[in-house]
Amino acid sequence: MKANVVWSAARNWVVRLGSAVVFFILARILPPEQIGLFSAALAVIAFVEIVAENGLGDAVIQSSRFTDEIVVAALWCNLVIGSATAVVLYTISPLLEDWLQAPGLAAILSTLILAVLLNSISYVPQAVMRRKFLYKSLAIRATVATGVSGLVGLALAIAGYGIWSMVVQFNLFCALNCLIVWRVSPIRLFVRPDFGHLRQLMQFGFQIFLSRVLYFASTRIIEFVLLYKFGPVTLAYYIMGSRITFIASQLLTAVTVDVALTSFSRSVSDLPRLVGMYLDSLSFSTFVSVPVFVGLAAIAPEFCTVVFGEKGENAVPFMIATSVLQAVLAGQALNGSLLSARGFPGYSACILVLQSVLALAVLLPDWQMTASHYIFVYCGAIASTTIVYFLLLRHVISIRFADFAAVIFPAYAASVLMYACIAGVRYALDRSIGDLGLLVATVLTGIIVYTGFMAALYPAYLRKNVGHIWSRKNLGKGAKA
């Protein structure tokens with residue numbers, strides 16, 4: 001089991017970090033207009049793939065009834081829905097181009113339809129491989145597809161193919177993924193599909209589908225608004241500024257939730273123990289996540305300039321806003337896991353609905369604001385749902401605010417001091433050592449200040465959470481911070 005966890009983590013890290021490195025290089029080579037236009041196309045494709053996958057992959061993993069006949073029926077269902085969505089996308093792509101005022105979007109979407117079709121026949125095989133714990137094969141698949149497609153994309157960009165280098169890279173990644181998955185997939189194709197039991201899978205999958213639509217509305221609608229109101233250049237700067245933040249969020253969430261999820265499920269009937277596990281997990285989550293995101297906000301000027309060059313200066317406000325948002329939201333993934341373990345998954349769905357409504361309420365009106373102001377207001381609206389989450393938790397597990405505050409205060413206090421010290425170092429050095437030197441100096445300052453603050457004022461808190469990083473088996477035995 002431990003090997004499966006390692007391979008699963010490797011798969012996630014390889015894809016996200018590998019794609020991030022390729023994106024950073026491409027963003028430095030290509031003009032912002034092309035980065036923004038391709039990002040808009042990817043946002044559309046992301047929604048189309050939610051529809052095409054329709055939650056059946058997760059349903060296959062969770063289903064108590066698992067036969068080759070049911071799997072093949074799910075595969076055919078995905079293929080039909082994926083083909084239908086591809087046809088619809090091809091038909092409406094010119095309308096999307098006109099509506100979003102993004103010349104060239106239709107041609108890109110028409111080409112990326114290939115990725116939609118390839119992915120539609122890959123969802124179920126990947127789900128079967130996850131169900132059978134074939135994580136090593138999935139990790140190898142991710143490494144090969146990410147590496148080969150990334151190198152091809154970079155070569156085409158250097159050769160002068162512009163935006164089409166990214167289109168080719170994305171389609172090639174999906175093609176390699178599909179090819180490798182089917183090469184090692186344990187699915188037996190030549191059986192009679194069992195469509196009779198497919199309805200149960202689709203009912204479960206529909207719940208997953210709705211949650212993903214709500215999550216998309218709360219997190220990705222901002223991209224369409226920026227494109228429509230400010231154009232592809234502004235969207236490019238937003239993507240450049242927020243990319244590292246969201247990658248860090250995904251990776252840190254995977255780590256912290258992996259630590260706590262099993263413990264919550266096993267102790268759901270023992271409320272005092274469950275509360276202790278939650279507080280202990282929240283302590284670990286904020287200890288790791290908050291300084292990372294506050295640190296990213298603090299080093300945003302140097303990071304964006306070093307990674308993206310001169311054009312990176314325009315991405316700084318977006319990186320600061322999204323990093324602060326993720327620092328505020330640290331622990332929300334744990335909240336969702338806890339509510340589900342207690343039998344209240346609908347509460348998490350309500351939070352997603354609230355976040356979606358707030359996002360639309362903030363973004364759709366024609367406010368007279370700059371793009372950076374839009375982002376800060378949007379992030380503030382999403383961050384406000386943290387209060388609602390706490391109220392729901394207090395209702396479900398009777399948690400006291402004093403206990404909640406006690407486990408998160410050290411990380412936030414140390415991170416605020418860290419931010420101030422980094423700003424002081426930046427002011428004192430005033431780029432006298434260059435952007436790269438200043439980036440190194442600010443990162444080292446952040447690490448020293450954060451760990452020094454913890455060691456001086458909260459040594460037990462520091463030892464406990466550092467111990468969890470090296471050995472997760474003790475996590476969830478109660479909060480003693």
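Only one residue in T451, T442, T370, T385 is in contact with a Lys or Arg (Cβ under 7 Å, 6 or more places away or on another chain) and at pLDDT 90 or above. Which one?
Working: T451 fails: in contact with a Lys or Arg (Cβ under 7 Å, 6 or more places away or on another chain); T370 fails: in contact with a Lys or Arg (Cβ under 7 Å, 6 or more places away or on another chain); T385 fails: in contact with a Lys or Arg (Cβ under 7 Å, 6 or more places away or on another chain).
The unique qualifying residue is T442.
Filter the range 11-47 for residues that are farther than 21 Å from S110 by Cα and open to solvent by 60 Å² or more (accessible area, probe 1.4 Å); which is farthest from the chain's Cα centre (by Cα)?
Filtering the range 11-47 for residues that are farther than 21 Å from S110 by Cα and open to solvent by 60 Å² or more (accessible area, probe 1.4 Å), the one farthest from the chain's Cα centre (by Cα) comes out as I29.
When the residues of the range 128-182 are filtered to those that are polar (S, T, N, Q) and over 20 Å from S39 (Cα atoms), which remaining residue is most open to solvent (accessible area, probe 1.4 Å)?
T143
Look at D435 and say whether it is touching a residue at least 60 places away in the same chain (Cβ under 8 Å) and open to solvent by 30 Å² or more (accessible area, probe 1.4 Å).
Working: touching a residue at least 60 places away in the same chain (Cβ under 8 Å): yes; open to solvent by 30 Å² or more (accessible area, probe 1.4 Å): yes.
So D435 fits the description; yes.
Show the residue pairs meeting these rules: Cβ distance below 8 Å; 6+ apart or different chains; first residue within the range 35-50 and in contact (Cβ under 8 Å) with a residue 12 or more places away in the chain; second residue outside any helix (DSSP H, G or I).
Correct list of pairs: G36/G231; L37/A102; L37/G104; A40/L100; A40/A102; A43/R220; A46/R220; F47/R220.
Of everything in the range 439-461, what is within 12 Å of A298 (Cα to Cα), open to solvent by less than 40 Å² (accessible area, probe 1.4 Å) and in contact (Cβ under 8 Å) with a residue 60 or more places away in the chain? Give them in sequence order.
The answer is L439, T442, G446.
In the range 390-399, is there at least one residue being open to solvent by less than 30 Å² (accessible area, probe 1.4 Å), in contact with a Lys or Arg (Cβ under 6 Å, 6 or more places away or on another chain) and either at pLDDT 95 or above or within 27 Å of F209 (Cα to Cα) (or both)?
Scanning the range 390-399 turns up at least one residue that is open to solvent by less than 30 Å² (accessible area, probe 1.4 Å), in contact with a Lys or Arg (Cβ under 6 Å, 6 or more places away or on another chain) and either at pLDDT 95 or above or within 27 Å of F209 (Cα to Cα) (or both).
Taking the range 183-199 on its own, how many of its residues are touching a helix residue (DSSP H, G or I) at 6+ places or on another chain (Cβ under 8 Å) and either open to solvent by less than 70 Å² (accessible area, probe 1.4 Å) or within 30 Å of S348 (Cβ to Cβ) (or both)?
The number of residues fulfilling the criteria is 9.
Within the range 411-421, does at least one residue satisfy the condition of being within 28 Å of the chain's Cα centre (by Cα), free of Cβ contacts under 8 Å to residues at least 12 places away in the same chain and more than 25 Å from P345 (Cα to Cα)?
Yes, because at least one residue in the range 411-421 is within 28 Å of the chain's Cα centre (by Cα), free of Cβ contacts under 8 Å to residues at least 12 places away in the same chain and more than 25 Å from P345 (Cα to Cα).
Only one of these is surrounded by fewer than 24 Cβ atoms within 10 Å (Cβ to Cβ) and among the hydrophobic types (A, V, I, L, M, F, W, C): L282, L271. Name it.
L271
Which is open to solvent by less than 60 Å² (accessible area, probe 1.4 Å), in contact with a His (Cβ under 9 Å, 6 or more places away or on another chain) and farther than 27 Å from A236 by Cα, of I81, I61, I70, I121?
Being open to solvent by less than 60 Å² (accessible area, probe 1.4 Å), in contact with a His (Cβ under 9 Å, 6 or more places away or on another chain) and farther than 27 Å from A236 by Cα holds for just one of I81, I61, I70, I121, which is I70.
Quick check on S283: is it within 16 Å of the chain's Cα centre (by Cα), on the phi < 0 side of the Ramachandran plot and part of a helix (DSSP H, G or I)?
no
Pairs needed: first member in the range 177-190, on the phi < 0 side of the Ramachandran plot; second member anywhere, open to solvent by 40 Å² or more (accessible area, probe 1.4 Å) and not in a helix (DSSP H, G or I); C-beta distance under 8 Å; at least 6 residues apart or different chains.
Within 8 Å, the pairs are C178/I121; W182/I121; V184/L134; P186/K132; P186/L134.
Any residue that is surrounded by 21 or more Cβ atoms within 10 Å (Cβ to Cβ), of a type outside the set (D, E), within 30 Å of V425 (Cβ to Cβ) and under 21 Å from the mean Cα position of the chain (by Cα) - is there at least one of those in the range 331-349?
Yes; the residues of the range 331-349 include at least one that is surrounded by 21 or more Cβ atoms within 10 Å (Cβ to Cβ), of a type outside the set (D, E), within 30 Å of V425 (Cβ to Cβ) and under 21 Å from the mean Cα position of the chain (by Cα).
Kindly indicate whether A102 is open to solvent by less than 30 Å² (accessible area, probe 1.4 Å) and within 17 Å of A236 (Cα to Cα).
yes
Which condition number in (1) in a helix (DSSP H, G or I); (2) touching a residue at least 12 places away in the same chain (Cβ under 8 Å) is the one that F66 fails?
In the conditions (1) in a helix (DSSP H, G or I); (2) touching a residue at least 12 places away in the same chain (Cβ under 8 Å), F66 misses (1) alone.
The values are calculated or read from the model by the stated rules, or taken from the named source; none is laboratory data. This one's a predicted model, so the numbers in the text were calculated from it and none came from an experiment. When we count neighbours, we look across all protein chains shown, and the Cβ atoms used for this are built from the backbone with ideal geometry, even at glycine. Accessible surface areas use protein heavy atoms only, side chains included; no ligands, DNA or RNA. Shrake-Rupley method; radii C 1.70, N 1.55, O 1.52, S 1.80 Å.
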